[in-house]
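See structure below.
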Amino acid sequence: MNPTDLETVPEFRERARRWLKDNLAPTTKTYTGADDDAVWDRARALQRLLHEGGFAGLCFPKAYGGQGLTPAHQRAFTEESLGYEMPLVLNVPTLAICAATILDLGTEEQKRAHLPAVLRGEEILSQFLSEPRGGSDLAGLTTRADADGTDWILNGAKIWSSGAYGADYGLCLARTNWDVPKHAGLTLFLVPCRAAGVTIRRIRQVTGSTEFCQEFFDDVRLPADSVLGAVDEGWAATRRLLNHERAAVGGTSPYTSGARPHLGGDVSTLVDLARAVGALGDARVREDIGAARARSLVRDQLIAHVSHAVTSGAMPAAAGSLVRVFSAENAGLQADMAVKIAGAAAATEGPHDPDHRIGLDYLFRAAWSLAGGSTEMSRNIISERLLNMPREFAADHGVPFNRVERGG
């Protein structure tokens, strides 16, 4: 679309403001993830409402059900939608990671089959990447897909898949060639979550949440058109997916709408907390809140800077790791700060914390150093792909995977 044909951002913002007021309910509820079917059902309904109103998939092309607008339009809508009930659970991984990857790599048939359905709220997507014994070595995975005529037979297991129990399809990375080095023999597949041979089990975390899942694949038959990208080129496809993941976790993705709690909450909540527990008059508490506010301002400026630089080509997509690391540290700082301000009240229910979020957020804080790839991996990416430092030594580099020693 010719940029001169687009609705201006101020015009769009005003239209969005009116539509949100007329169609969505205000909410003060803190996003707590997706632990039951009701959450997914409500998210699908809200996504359908956004689509009918012309506010779903703002940066997705019109040909695939989106609005064909710019990241600036998306930022305006995100700002205006704060405080309204939104299908936040669909942001990550469905929209910002999986659908964005299909947009980049899918065939025309795959795009037309999946993207409009996602944007209408009819299809939810998940990632099947990590494995039970894989650690951070994603390319060392052992889930396998073996050719059977034109089909593929998938066997193996994946873990830590967010929201997989509520998903319709998963983007699954599997090994299709064992005679080449580990990065060269991988293929990315679109796997129906309810296909014969797929078993999904939920994992209970220390917070009580069961959002994460483990998947088992037992002779799952996949047709040839399940391949996303090209056979044995799954690592290149996955790097594209991981760039989207880091952008989503770091806050630079143009495909998310609404609040982004994983970036660190609104500092005003710390002010409200300090007031509720009678600590707002404490000079040290006020200094701490000021420091948190300063870091949040830096975070927002960093997101804006990196987003513009990546979009303009001034920085590679790997620059999303900069924001991913900073945002994870900021989210952890805010969780720590809430406990510090609340003191003993952090462990009790009361008007200051009716949902026990302070304690639960503190228990979950370490997850932000893992989401989107571990912080250590992100620092490696920054050093190698942005600063051009030497690649970290790997004993299995260039060795055919069937000759690499692995644990039993």
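Is one or more of the residues making up region 79-86 of a type outside the set (K, R), part of a helix (DSSP H, G or I) and under 20 Å from the mean Cα position of the chain (by Cα)?
Looking only at region 79-86, we keep the residues that are of a type outside the set (K, R), and these are 79-86.
Pick out the ones that are also part of a helix (DSSP H, G or I) and you get 79-81.
Those still in the list that are under 20 Å from the mean Cα position of the chain (by Cα) too: 79, 81.
Yes, some residue in region 79-86 is of a type outside the set (K, R), part of a helix (DSSP H, G or I) and under 20 Å from the mean Cα position of the chain (by Cα).
Among the residues of region 202-247, those that are surrounded by fewer than 22 Cβ atoms within 10 Å (Cβ to Cβ) and farther than 27 Å from W178 by Cβ comprise R202, I203, R204, Q205, V206, T207, G208, S209, T210, F212.
Within region 131-156, the residues that satisfy the criterion of being surrounded by fewer than 19 Cβ atoms within 10 Å (Cβ to Cβ) and under 28 Å from S378 (Cα atoms) are P132, R133, G134, G135, S136, D137, G140, T142, R144.
Each row is one residue, and each column tells you yes or no for (1) farther than 20 Å from E245 by Cβ; (2) touching a residue at least 12 places away in the same chain (Cβ under 8 Å); (3) open to solvent by less than 20 Å² (accessible area, probe 1.4 Å).
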{"site": "F55", "(1), (2), (3)": "yes, yes, yes"}
{"site": "F60", "(1), (2), (3)": "no, yes, yes"}
{"site": "G68", "(1), (2), (3)": "yes, yes, no"}
{"site": "A72", "(1), (2), (3)": "yes, yes, no"}
{"site": "E85", "(1), (2), (3)": "yes, yes, no"}
{"site": "V89", "(1), (2), (3)": "no, yes, yes"}
{"site": "I97", "(1), (2), (3)": "no, yes, yes"}
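For region 182-201, give me each residue that is assigned to a strand (DSSP E or B) and crowded, with 17+ Cβ neighbours inside 10 Å. Show your work before the answer.
Residues of region 182-201 that are assigned to a strand (DSSP E or B), as a first pass: 186-192, 198-201.
Within region 182-201, L186, T187, L188, F189, L190, V191, V198, I200 qualify.
If the condition is being under 15 Å from the mean Cα position of the chain (by Cα) and farther than 19 Å from T207 by Cβ, then region 323-337 contributes V323, R324, V325, S327. The sole residue among A139, A117, A157, A145 that is outside any loop (DSSP other than H, G, I, E, B) and touching a Leu at 6+ places or on another chain (Cβ under 6 Å) is A145. The set of residues in region 165-175 being buried (at least 18 other Cβ atoms within 10 Å of the Cβ) and not in a strand (DSSP E or B) consists of Y165, G166, A167. Checking each residue of region 353-364 against the condition of being farther than 23 Å from R293 by Cα, assigned to a helix (DSSP H, G or I) and of a type in the set (A, V, I, L, M, F, W, C) gives no match.
Of all residues in region 359-394, exactly one satisfies the criterion of being of a type in the set (A, V, I, L, M), in contact (Cβ under 8 Å) with a residue 12 or more places away in the chain, open to solvent by 60 Å² or more (accessible area, probe 1.4 Å) and over 17 Å from S130 (Cβ atoms), namely L363.
Condition check ((1) outside any loop (DSSP other than H, G, I, E, B); (2) modelled with pLDDT of 90 or more; (3) buried (at least 17 other Cβ atoms within 10 Å of the Cβ)) across all residues:
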| site | (1), (2), (3) |
| --- | --- |
| L280 | no, yes, no |
| R284 | yes, yes, no |
| G290 | yes, yes, no |
| H305 | yes, yes, no |
| T311 | yes, no, no |
| S321 | yes, yes, yes |
| S327 | yes, no, yes |
| M337 | yes, yes, yes |
| G343 | yes, yes, no |
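Filtering region 250-276 to residues that are open to solvent by less than 20 Å² (accessible area, probe 1.4 Å) and either within 18 Å of T187 (Cα to Cα) or in a helix (DSSP H, G or I) (or both) leaves G250, L263, L270, L273, A274.
The values are calculated or read from the model by the stated rules, or taken from the named source; none is laboratory data. This is a predicted model, so every value here is computed, not measured. Ideal geometry is used to build each Cβ from the backbone, glycine not excepted, and the neighbour counts take in all protein chains shown. Side chains included, ligands, DNA and RNA excluded: accessible areas come from the protein's heavy atoms. Shrake-Rupley method; radii C 1.70, N 1.55, O 1.52, S 1.80 Å.
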